[in-house]
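Novice: The structure's right below; bear with me while I get my questions together.
The values are calculated or read from the model by the stated rules, or taken from the named source; none is laboratory data. Treat the numbers as computed from the prediction; the structure is a model and nothing was measured. Backbone-built Cβ (ideal geometry, glycine too); neighbour counts: all protein chains shown.
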């Protein structure tokens, strides 16, 4: 059967995704030179906004710690220091002392303008946690309520795009910031400046991209939750869905921060905690998903400790002040990096073992780790480009969906194969049961046929004894006959029970092979029939050499020789002879029981090794033949790897030869 397209082109698909990931990483980064401000001054006199497009206000801003200043009063104060934008003021120092995480201050940037359009606009994506922005003394944007204490300030997030109307050659941008709730005060993401058309297009494009990512991830959440509800034992579907949902919450509280815009300012604290908790639980759901997908391949202590660590972080996020979250982040990043590397090693080992699903997972895992590492360095200002984790998460999600679909496809294939195998086994078992029923029916007919006469005779004799109808001098002969009849019945029952235990219960015979002295086995079998031998005056001779060793099952070989000797005695007349011989070649040992009896008619000879009542006949002294003894012999010999057959001597006038062979080890 031809494999689907994705199966046949999996290597090409994986290579394409890697190239796509690299393109996603570097394509969005601006390649044009972006002027950088120095000591709070940015020179844009050579920048043409209509030709060169928008730019980010990057570089050094003047910073006034613990002061709220406006356009009129800022000239009266000296900057406390200069801090980078984008950046957080806690990364700066004043007179060699690090700036505290929480507090308030004013940032200023003077922009020297050249040719400027009339419709100039700013895009303010992220300033923590409340601010007022003035341009040339006019307030253009506010978020939350700034204050000099935690009680006087109210935090708020959100993107704003104020229009700048100014005919001056200088733009004096002043931002008053207070942060008593986050510990991330400063300009977290760069403020962009450009024409209204460019800024609005950039803003809408970013919004469309983020809603697109949110929509895909939320659809994946709903889809896999639905699959899990239909198949509850596939826990990897549940945790993959939760992983997607946590990513959705993360996106809604990052970037454009839709949740903060949709709800009142009073919800800020809740959504701020959701942002961090979603960040903490994403790798936890990811780790559990991996563990369930690959059948608990993760060390359970690693899983247990990391889940406990995530729960600890989440509880701290719920109950500690928000600015403590920034203290937890480095610990979270370190633990996440260790878990990510650990999962990489585990999945790589699975790939080496030939697990194709693990290979797909490993590619997606590598892309996701690259995106995470990139964004961590981006937010820690190792370098600045754009956030790529959202894009990479979509590539990762698609790879996981492909892996899960392939896993399900393989599972369905295995189910179909098992179903087909089960049908074959059911058919085989049905045939075996039919055969067993046939055997059972035949055995019941043999039992009813072979046991009815001896039991009826025993019953008759016992009734005569009870009625006193036998003379004292005849009692000895009658008892002898009773003992003989009982012996025959016991032999029949023994054969039947062995046959039933081998054929009706387990439907097979198991040979326990060992080295045996064949001469001794034959002697033991002959001794069981000393009374019958004496009564019929036959001679039984064991011509097997004393040192003859055979590899066989002890009970099986004894049963075979016993049955063959018993039959030979029954069908050999008075004064006859029975010989037991053996001969071997390089491959097998042949054992023969040769009698000088009455031979075998062809119609009986052909049925000796099957269960049919017609295969039984009377001996030379009216002994009743055992109907299933030879059938048992054939089964035992076959189980030991040999064959059994019978031949008439001189057309049957000089007796029969029963022979069986066993392989030489």
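Novice: Being more than 18 Å from residue 657 (Cα to Cα) and assigned to a strand (DSSP E or B) is the filter here, so list the residues in region 544-587 that pass it.
Specialist: Result: 549, 550, 551, 552, 553.
Novice: Also: Filter region 577-595 down to the residues that are over 20 Å from residue 527 (Cα atoms), in contact with a strand residue (DSSP E or B) (Cβ under 6 Å, 6 or more places away or on another chain) and touching a residue at least 12 places away in the same chain (Cβ under 8 Å), then identify the one that is surrounded by the most Cβ atoms within 10 Å (Cβ to Cβ).
Specialist: By that ranking, first place goes to 589.
Novice: How many of the residues in region 141-152 are surrounded by 20 or more Cβ atoms within 10 Å (Cβ to Cβ), out of contact with any helix residue (DSSP H, G or I) (no Cβ under 8 Å at 6 or more places or on another chain) and in contact (Cβ under 8 Å) with a residue 24 or more places away in the chain?
Specialist: 1
Novice: Now, a different point. Scan region 78-115 for residues that are out of contact with any strand residue (DSSP E or B) (no Cβ under 6 Å at 6 or more places or on another chain), assigned to a loop (DSSP other than H, G, I, E, B) and free of Cβ contacts under 8 Å to residues at least 60 places away in the same chain and report the count.
Specialist: Of the residues in region 78-115, 5 are out of contact with any strand residue (DSSP E or B) (no Cβ under 6 Å at 6 or more places or on another chain), assigned to a loop (DSSP other than H, G, I, E, B) and free of Cβ contacts under 8 Å to residues at least 60 places away in the same chain.
Quick grid of which residues meet (1) part of a helix (DSSP H, G or I); (2) surrounded by fewer than 16 Cβ atoms within 10 Å (Cβ to Cβ); (3) modelled with pLDDT of 75 or more:
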residue	(1), (2), (3)
371	yes, no, yes
386	no, no, no
391	yes, no, yes
395	yes, no, yes
403	yes, no, yes
408	yes, yes, no
411	yes, yes, no
415	yes, yes, no
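Novice: For region 24-49, which positions are part of a helix (DSSP H, G or I), at pLDDT below 85 and more than 22 Å from residue 126 (Cα to Cα)?
Specialist: Across region 24-49, the qualifying residues are 24, 26.
Novice: Kindly provide the set of residues from region 168-186 that are in a loop (DSSP other than H, G, I, E, B) and either farther than 17 Å from residue 87 by Cβ or not assigned by TED's automatic domain parsing to the domain that holds residue 77 (or both), ordered by number.
Specialist: Within region 168-186, 168, 169, 180, 181 meet the criteria.
Novice: Can you tell me which residue among 172, 179 is at pLDDT 85 or above, buried (at least 20 other Cβ atoms within 10 Å of the Cβ) and in contact with a helix residue (DSSP H, G or I) (Cβ under 9 Å, 6 or more places away or on another chain)?
Specialist: Criteria check complete, one pass: 179.
Novice: Take the residues in region 187-217 that are in a loop (DSSP other than H, G, I, E, B) and touching a strand residue (DSSP E or B) at 6+ places or on another chain (Cβ under 7 Å), then tell me which one is surrounded by the most Cβ atoms within 10 Å (Cβ to Cβ).
Specialist: Of everything passing the filter in region 187-217, 191 is surrounded by the most Cβ atoms within 10 Å (Cβ to Cβ).
Novice: Could you please let me know if residue 109 is over 28 Å from residue 151 (Cβ atoms), assigned by TED's automatic domain parsing to the domain that holds residue 145, more than 56 Å from the chain's Cα centre (by Cα) and buried (at least 16 other Cβ atoms within 10 Å of the Cβ)?
Specialist: Considered against the rule, which asks whether it is over 28 Å from residue 151 (Cβ atoms), assigned by TED's automatic domain parsing to the domain that holds residue 145, more than 56 Å from the chain's Cα centre (by Cα) and buried (at least 16 other Cβ atoms within 10 Å of the Cβ), residue 109 comes out as yes.
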